[in-house]
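Below you'll find the structure, written out as structure tokens, and then a few comments.
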Amino acid sequence: MTYLYVKSLHIIFVVTWFAGLFYIVRLFIYFAEAAEKLEPEKTILQNQLKLMQKRLWYGITWPSAILTLIFGSWMLYLYGSLPNWLVVKLGFVLGLFLYHLSCHKIFKQHQSGLVKQSSTQLRIWNEVATLFLVSIVFLVVVKNSLRFLWGVAGLVLFAVILMLAIRIYKKIRTR
């Protein structure tokens with residue numbers, strides 16, 4: 001019974017962590033676009049966006065990431081073994097934590113007023129979290145019945161579709 005409660009809490013914090021990751025990069029995009037505005041609009045927008053980023057990052061995203069790690073580790077302990085699919089999933093989770101840390105780097109840049117990425121680059125960066133989400137969910141749901149080659153091919157196809165969607169959106173926006 002403990003396992004199911006821990007699993008439920010793990011899923012809840014995974015959801016809030018991903019919500020934070022998706023929204024923080026959206027705020028990064030708005031911050032980069034605000035940098036192109038004229039004063040005083042630029043300063044007003046960027047100050048508000050910095051505040052929103054800070055509240056989201058430290059109030060939701062970081063705590064959710066830490067609680068996901070705690071409940072995930074606890075679940076792993078209760079699970080008692082490490083099947084192959086779980087090893088692959090943990091690899092994706094490690095990648096997701098690296099993604100999180102790279103978002104933290106962008107967050108710190110924005111908090112000091114620096115914009116190093118364009119809004120288009122950040123839109124592409126936003127989709128990386130989607131790739132992690134799709135990969136992790138499929139691994140957890142289908143476990144051993146997932147053929148690795150088909151899984152990778154599907155992931156690559158999904159990434160190509162996301163990149164095409166970003167390009168189409170950019171063309172529509174510039175019209």
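The values are calculated or read from the model by the stated rules, or taken from the named source; none is laboratory data. What you are looking at is a predicted structure, and each value in this text was computed from that prediction instead of being measured. Glycine gets a Cβ as well: all are built from the backbone with ideal geometry, and neighbour counts include every protein chain shown.
So, in segment 10-30, exactly how many residues are under 10 Å from the mean Cα position of the chain (by Cα) and surrounded by fewer than 18 Cβ atoms within 10 Å (Cβ to Cβ)?
So in segment 10-30, the residues under 10 Å from the mean Cα position of the chain (by Cα) come out as 17-25.
From what is left, the residues that are surrounded by fewer than 18 Cβ atoms within 10 Å (Cβ to Cβ) are 19, 22-23.
Residues meeting the conditions: 3.
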When restricted to LYS42, LYS37, the only residue among the charged types (D, E, K, R), under 24 Å from SER112 (Cα atoms), outside any helix (DSSP H, G or I) and modelled with pLDDT of 95 or more is LYS37
When you look at GLU41, is it acidic (Asp, Glu) and either touching a Gly at 6+ places or on another chain (Cβ under 9 Å) or within 24 Å of ILE124 (Cα to Cα) (or both), yes or no?
-> no
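Can you confirm whether TYR58 is of a type in the set (Phe, Trp, Tyr), within 22 Å of GLN121 (Cα to Cα) and modelled with pLDDT of 95 or more? Break it down into steps so the answer makes sense when it comes.
Working: of a type in the set (Phe, Trp, Tyr): yes; within 22 Å of GLN121 (Cα to Cα): no; modelled with pLDDT of 95 or more: yes.
So TYR58 does not fit the description; no.
Residue check: is LYS7 surrounded by 13 or more Cβ atoms within 10 Å (Cβ to Cβ), of a type in the set (D, E, K, R), within 15 Å of LEU133 (Cβ to Cβ) and in contact (Cβ under 8 Å) with a residue 40 or more places away in the chain? Before you say what the answer is, go through the steps one by one.
Numbers: surrounded by 13 or more Cβ atoms within 10 Å (Cβ to Cβ): yes; of a type in the set (D, E, K, R): yes; within 15 Å of LEU133 (Cβ to Cβ): no; in contact (Cβ under 8 Å) with a residue 40 or more places away in the chain: yes.
Answer is no for this residue.
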If we scan segment 88-110, do we find a residue that is polar (S, T, N, Q) and either touching a residue at least 40 places away in the same chain (Cβ under 8 Å) or under 22 Å from VAL6 (Cα atoms) (or both)?
-> no
Any helices (runs of 4 or more DSSP H) falling wholly within segment 70-175 and containing at least 1 residues that are among the acidic types (Asp, Glu), surrounded by 11 or more Cβ atoms within 10 Å (Cβ to Cβ) and under 18 Å from the mean Cα position of the chain (by Cα) | 119-142
Among the residues of segment 31-52, is there at least one that is in contact with a Cys (Cβ under 9 Å, 6 or more places away or on another chain) and more than 30 Å from MET75 (Cβ to Cβ)?
-> no
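Quick check on segment 8-27. Is at least one of its residues more than 19 Å from ILE136 (Cβ to Cβ) and assigned to a helix (DSSP H, G or I)? Quick ask: steps written out before the conclusion?
In the first step, residues of segment 8-27 are kept if they are more than 19 Å from ILE136 (Cβ to Cβ); the result is 26-27.
Remaining after also requiring assigned to a helix (DSSP H, G or I): 26-27.
Within segment 8-27, one or more residues are more than 19 Å from ILE136 (Cβ to Cβ) and assigned to a helix (DSSP H, G or I).
Can you tell me which residue among ILE66, ILE60 is out of contact with any helix residue (DSSP H, G or I) (no Cβ under 8 Å at 6 or more places or on another chain) and either part of a helix (DSSP H, G or I) or touching a residue at least 40 places away in the same chain (Cβ under 8 Å) (or both)? Give the steps one after another, and end with the answer.
Values: ILE60 fails: out of contact with any helix residue (DSSP H, G or I) (no Cβ under 8 Å at 6 or more places or on another chain).
ILE66 is the lone residue from the list that is out of contact with any helix residue (DSSP H, G or I) (no Cβ under 8 Å at 6 or more places or on another chain) and either part of a helix (DSSP H, G or I) or touching a residue at least 40 places away in the same chain (Cβ under 8 Å) (or both).
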